1. Within the range 33-48, does at least one residue satisfy the condition of being modelled with pLDDT of 95 or more, in contact with a strand residue (DSSP E or B) (Cβ under 7 Å, 6 or more places away or on another chain) and surrounded by 15 or more Cβ atoms within 10 Å (Cβ to Cβ)?
2. Conditions: (1) of a type outside the set (Gly, Ala, Ser); (2) over 20 Å from Ala198 (Cα atoms); (3) in a loop (DSSP other than H, G, I, E, B). Ile4 meets all but one. Number of the miss?
3. Give me the pairs: first residue in the range 202-220 and more than 17 Å from Leu29 (Cβ to Cβ) and of a type in the set (Asp, Glu), second residue crowded, with 22+ Cβ neighbours inside 10 Å and at pLDDT 90 or above, beta-carbon distance under 9 Å, and six or more apart or on different chains, which are they?
4. Could you list, in sequence order, the residues of the range 292-337 that are of a type in the set (Phe, Trp, Tyr) and within 12 Å of the ligand (Cβ to nearest atom)?
5. Is it true that some residue in the range 15-30 is at pLDDT 95 or above and among the acidic types (Asp, Glu)?
6. Among the residues of the range 413-431, write down those that are closer than 17 Å to Phe173 by Cβ and either free of Cβ contacts under 8 Å to residues at least 40 places away in the same chain or exposed (fewer than 12 other Cβ atoms within 10 Å of the Cβ) (or both).
7. Sort through Leu97, Leu87, Leu82 and tell me the only one that's under 22 Å from His379 (Cα atoms) and over 21 Å from the mean Cα position of the chain (by Cα).
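The values are calculated or read from the model by the stated rules, or taken from the named source; none is laboratory data. What you see is a predicted model, and the numbers here were worked out from it, not measured in a lab. Backbone-built Cβ (ideal geometry, glycine too); neighbour counts: all protein chains shown.
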Amino acid sequence: MEFISTRDPNLRTGIEQALRAGLAPDGGLYVPERLPRLEPSAMNPEASLAECALDVLAPFFDGSRLAERLPAICREALNLPLPLVRLDNGPTWLMELFHGPTAAFKDFAARFLAGCLQALGRGSPITTVLVATSGDTGAAVAAAFHRRPGFRVVILYPDGRVAARQAHQLGAFGDNVHALRVAGDFDDCQRLVKQALADRDRVRRFGLTSANSISIGRLLPQISYYALAALRLREHAPIDVIVPTGNLGNALACILAREMGFGIGSVHLATNANRTLPDFFAGQDYAGRPGLKTLANAMDVGDPSNFERLAWLFRERDPRNAGIEASSYDDAAIEDTIRRVWRERGMAVCPHTACAMALAGHLREAGRDSPLLIAATAHPAKFDSVVEPLIGAPVEVPPALARLLARPSRSEPIAADDGALNSMLEHLDDA
Ligand SMILES: *Cc1c(COP(=O)(O)O)cnc(C)c1O
């Protein structure tokens, strides 16, 4: 299997280079040259996630020297629980994607990418994974590379602009993980990372690489949990899916699972007040814009980078005519939904999952009674400062998160400029 740039199909490469480079040389995103079709009826619905992922991902690794390592990578990275919780004994299921070490769905993909990079022999002598984060990505990447020989992680996050627990989490790993709190906003962090990665000299000197959400190694593993959910629920097929959406990585993986043959019906994108995708799917031309700050901060994206992959996937027809819908929920709707779900079910949901629950409520009110799978993307305990005042009760902290929160947390302040990052990189000392 070869991978091509979304911008130029003549720029082709294997999965290894696509994983190493992150971005194609023309600034496009890597996509598989064709989508494999699978035969879900021949697959085992009792399979573990790792087993299912191996079937789903093997075609993408065909012909690569990573192919023989793939079973071990799946086994080690994807051995996380994947509960499907049925609501009201009706045709609605919540897929809880938050049982990994940092309590958000990004754990699945970050662990898989880390396994691939290690198998590729990155990490000799030492690779520095540089990542800008507004919260969840940085923690997932840190957990995935924590104490992995040959790697260190440098996280840049905007000082004072991530949730208190998110900040604590970022600084709580220690060892080979360095948290830098930047005097600036998320865009400053992202700019510093991009500049460093675009500077060949620094890339060589510090062994820099990235693990950001546009890497194909983050997108592909996410297909596997939609595939497994569709297998487990196949007597209800086709099942419609709702995905809380920011950069469109998780939802695109769901769409890919459907295009590969799994029993998924329409895919509904639930966004916060950032309306770029809902406006597009309502018929407007695509118009990226600056991100708005909302309670669902991991989805504060005004120009979703994976849109380019979606446009590529539907290059021969209009994506607005492809069984995809999108709806936007502002902070008031998020708050209402968190309160309502607590009142009706005694269940606490994070602000991102609340957008999906709001959309599910609207579909049911409109009389849609088809089977529905809702992706729950983070544990509510991660967003206690939003959730607890709304429900008036404490949210129980899952054990992995509790262990991290019990550790001391340390971060270094840095100015939002290149020079400050450079001198930091020169003086890093892994414990
Ligand atoms: C990152 C994140 C999202 C958005 O996912 P995308 O792949 O960027 O669309 C939603 N919810 C949570 C909790 C997240 O961390």
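1. no
2. The single condition Ile4 does not satisfy is (3).
3. So the pair list comes out empty.
4. Restricting attention to the range 292-337, the residues satisfying the condition of being of a type in the set (Phe, Trp, Tyr) are 307, 312, 314, 329.
Result: Phe307, single match.
5. No, every residue in the range 15-30 fails to be at pLDDT 95 or above and among the acidic types (Asp, Glu).
6. Those that are closer than 17 Å to Phe173 by Cβ and either free of Cβ contacts under 8 Å to residues at least 40 places away in the same chain or exposed (fewer than 12 other Cβ atoms within 10 Å of the Cβ) (or both): Asp429, Ala431.
7. On the way: Leu97 fails: over 21 Å from the mean Cα position of the chain (by Cα); Leu82 fails: over 21 Å from the mean Cα position of the chain (by Cα).
Among Leu97, Leu87, Leu82, only Leu87 is under 22 Å from His379 (Cα atoms) and over 21 Å from the mean Cα position of the chain (by Cα).
To keep it simple, each residue is scored yes or no on (1) modelled with pLDDT of 95 or more; (2) within 12 Å of the ligand (Cβ to nearest atom); (3) assigned to a loop (DSSP other than H, G, I, E, B).
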{"position": "Arg191", "(1), (2), (3)": "no, no, no"}
{"position": "Leu220", "(1), (2), (3)": "yes, no, no"}
{"position": "Tyr226", "(1), (2), (3)": "yes, no, no"}
{"position": "Gln284", "(1), (2), (3)": "yes, no, yes"}
